[in-house]
Amino acid sequence: MSFFKKLKDKINNQTEQVTDKFKDGLTKTRDSFATKMNDLVAKYRKVDEEFFEELEEVLISADVGVETVMELIEELEMEVKRRNIKDTSEVVEVISEKLVEIYYGDADEEIEELNLNEDSLSVVLFVGVNGVGKTTTIGKLAHRLKEEGKTVMLAAGDTFRAGAIEQLDVWGERVGVEVIKHSEGSDPAAVIYDGIQAAKSRNADVLLCDTAGRLQNKVNLMNELSKVKRVISREIPEAPQEVLLVLDATTGQNAMSQAKTFSESTDVSGIVLSKLDGTAKGGIVLAIRNELSIPVKYVGLGEKVTDLQPFNANSFVYGLFADMVDQDTNTDARDD
């Protein structure tokens, strides 16, 4: 069975709505990537060194990352020899297969799932620079968890950015969850402490905590995040269950440098890539996962409150190659 057929079978196990969200959300990346791939396949009829050199450029231009691209090209060259592939059109399917393999490595697909307690309060700490969509992501995740039947509360720990508390308040009202807040300029750790006490007293399932994102004042910011984490761990020893770093996918390699900075200074357990639908360089997902070994937990695929989707590498690769996958599986169906 071809990899495209296996991929389509896995995708078919999801709801049609999720499949469509990844397909629609990755339109910009797919249009750019698929066009370049088609041009490359048309230009080179046989698989040779020049083909792989240009393929490198195509992958790097999609922000897959130089380190990841080098690893991918090396594996592709070995696989092409092993399978005795001569036709460049056959390489596309091998690329899609290797992208999934590189993403998961030795891990299973459960690495993408949110780590929450079943029968006690879970605390999720959000970090990231200003302007990446952190507060919006918190609001959307609160909606998602509430739809799953969980009691959710928010803590407005970004007390420094003008309007941050009000913005979270608006999201709280919009999705119908309580927001614990102090006045602007107050101690973020005190806000998170009060959030935990309130969440405990109301028997909440999940507390989502916003934090400041002033990376230009890096030392102070990281000290502040350390203090917040100490407060959380003191009140709930095994918490926070997740530290989610929100990155703006449209910033490409700048997002990668932010990921490196935060992962060096705090224990980031997962990435949320906002605005993935707004970029033609969605390959940044693979670069972050491969170079930092941090799983992408959620991706933003649109403006609606329902457009924050749990990440899945199979869905992502389908979103990149949807037209080719559909064409391949439709041809197989006709042949059957």
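The values are calculated or read from the model by the stated rules, or taken from the named source; none is laboratory data. The model shown is predicted, which means the values in this text are computed figures rather than measured ones. Cβ coordinates were reconstructed from backbone atoms using ideal geometry, including for glycine residues, and neighbour counts include every protein chain displayed. For the accessible areas, the whole protein counts, side chains as well, though only heavy atoms, and no ligand, DNA or RNA atoms are used. Shrake-Rupley method; radii C 1.70, N 1.55, O 1.52, S 1.80 Å.
Some notes on this structure:
- Proximal charge balance of Thr250 [Cβ under 9 Å; K/R count +1, D/E count -1]: +1
- Between the helical axis of 253-265 and the longest alpha-carbon principal axis of the chain there is an angle of about 50 degrees.
- Using heavy atoms of the protein chains and a probe of 1.4 Å, the accessible area assigned to Tyr193 is about 80 Å².
- Cα-based shape type of the stretch 101-200, given that a ≥ b ≥ c are square roots of the gyration tensor eigenvalues and the cut on a/c is 1.5: prolate
- Using a Gaussian network model of the chain in which every pair of alpha carbons under 10 angstrom is joined by a spring, one finds that among Gly319, Gly176, Gly270 the greatest mean-square fluctuation is at Gly176.
- Between the alpha-carbon centres of the stretch 142-211 and the stretch 224-302 there is a gap of 19 Å.
- Residue-normalised accessible area of the stretch 259-314, expressed per residue, 1.4 Å probe, Å²: 30 Å²
- Put simply, the amide H of Val127, placed in the peptide plane, has neighbours under 5 Å in Leu244, Leu245, Val246, leaving out anything fewer than 5 places away on its chain.
- The chain: relative contact order in percent, alpha carbon pairs under 8 Å with at least 6 residues between: 27 percent
- A simple rule links phi to the HN-Hα coupling: the Karplus curve 6.51 cos²θ - 1.76 cosθ + 1.60 with θ = phi - 60°, which for the stretch 232-247 gives 4, 5, 5, 7, 9, x, 8, 9, x, 5, 9, 10, 9, 8, 8, 10 Hz, with x for Gly and Pro.
- Ordered by solvent-accessible area of protein heavy atoms (1.4 Å probe), largest first, the residues Thr250, Thr27 come out as Thr250, Thr27.
- Computed from backbone phi with θ = phi - 60° and the Karplus coefficients 6.51, -1.76 and 1.60, the 3J(HN,Hα) list for the stretch 310-320 is x, 7, 8, 5, 5, 5, 4, 5, 4, x, 6 Hz; x is used for glycine and proline.
- Choice from Pro188, Pro237, Pro295 showing the highest fluctuation, given a GNM over the chain with Cα pairs closer than 10 Å: Pro237
- Normalised alpha carbon radius of gyration of the stretch 253-315 [divisor 2.2 N^0.38 Å]: 1.09
- CD proxy at 222 nm, helix term only [per DSSP H run n ≥ 4: -39500 (n - 2.57); per residue of the chain; nearest 500]: -18000 deg cm²/dmol
- Expressed as a whole percent, the accessible surface of the chain that belongs to carbon and sulfur atoms is 44, based on a 1.4 Å probe.
- The figure for Arg144 is an accessible area of roughly 60 square angstrom, using a 1.4 Å probe on the protein chains alone.
- Excluding same-chain neighbours fewer than eight residues apart, the lysines reachable from Lys86 by a Cα-Cα span under 29 Å are Lys5, Lys6, Lys8, Lys10, Lys36, Lys43, Lys46, Lys98, Lys281.
- Counting heavy atoms of the protein chains alone, Leu292 has an accessible area of about 40 Å² for a 1.4 Å probe.
- 5 angstrom amide H check on Glu178, placed H, neighbours 5+ away: Leu154
- Given (i) -0.62, -1.18; (ii) -0.61, -1.05; (iii) -0.76, -1.16, the label whose value is log10 I(q)/I(0) by the Debye sum over Cα atoms at q = 0.10, 0.14 Å⁻¹ derived from this model: (ii)
- With viscosity 1.306 mPa s and temperature 10 °C, the Kirkwood radius over alpha carbon pairs of the stretch 121-160 converts through Stokes-Einstein to a diffusion coefficient of 142 µm²/s.
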